[in-house]
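Every read-out reported here was derived from the displayed coordinates using simple, explicitly stated rules and does not represent laboratory data. In this text, all values refer to a predicted model and were calculated from it rather than measured experimentally. Here Cβ is always computed from backbone atoms with ideal geometry, including for glycine, and neighbour counts include all displayed protein chains.
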Amino acid sequence: MRLPEIRSALHVLASDIEAKGMTAEAGKLRSLADETKRRPAVRRAPARSMPMTPAIEDRIRDTALAHPSWSMERIGAYVGVSGGRVSEVLAGFRR
């Protein structure tokens, strides 16, 4: 049985219990049933890097060419983005 089915069964059970006059218990069951719902997907942490622009992408490429021994993390720190963004740009995922 999956969570949506369990939630529906709990609501039916709550209705049956409420029909017998036990409204407080039915309310508790409904509350428990509602706890099985998924929370909406929201960003919990703020974005830490600035948005990518063509100028930043060009700067990453230029820095990588000028300093081939630098790591992606170092290039990212120099440009002001994460090493992952540097990897995306250099691998061609951006542009």
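I'd like to know how the chain sits against the 2.2 N^0.38 Å rule of thumb: what's its Cα Rg over that expected value? Please report the intermediate quantities before stating the final value.
Numbers: Rg = 26.6 Å, N = 95, 2.2 N^0.38 = 12.4 Å.
Its radius of gyration relative to the 2.2 N^0.38 Å reference: 2.15.
Each residue, ALA24 and TRP70, gets one label point 7 Å from its Cα in the Cβ direction; the gap between the two is 6.8 nm.
Provide the FRET efficiency to the nearest 0.05 for the ARG39-TYR78 pair, computing r from the beta carbons and using R0 = 30 Å. The value I calculate is 0.20.
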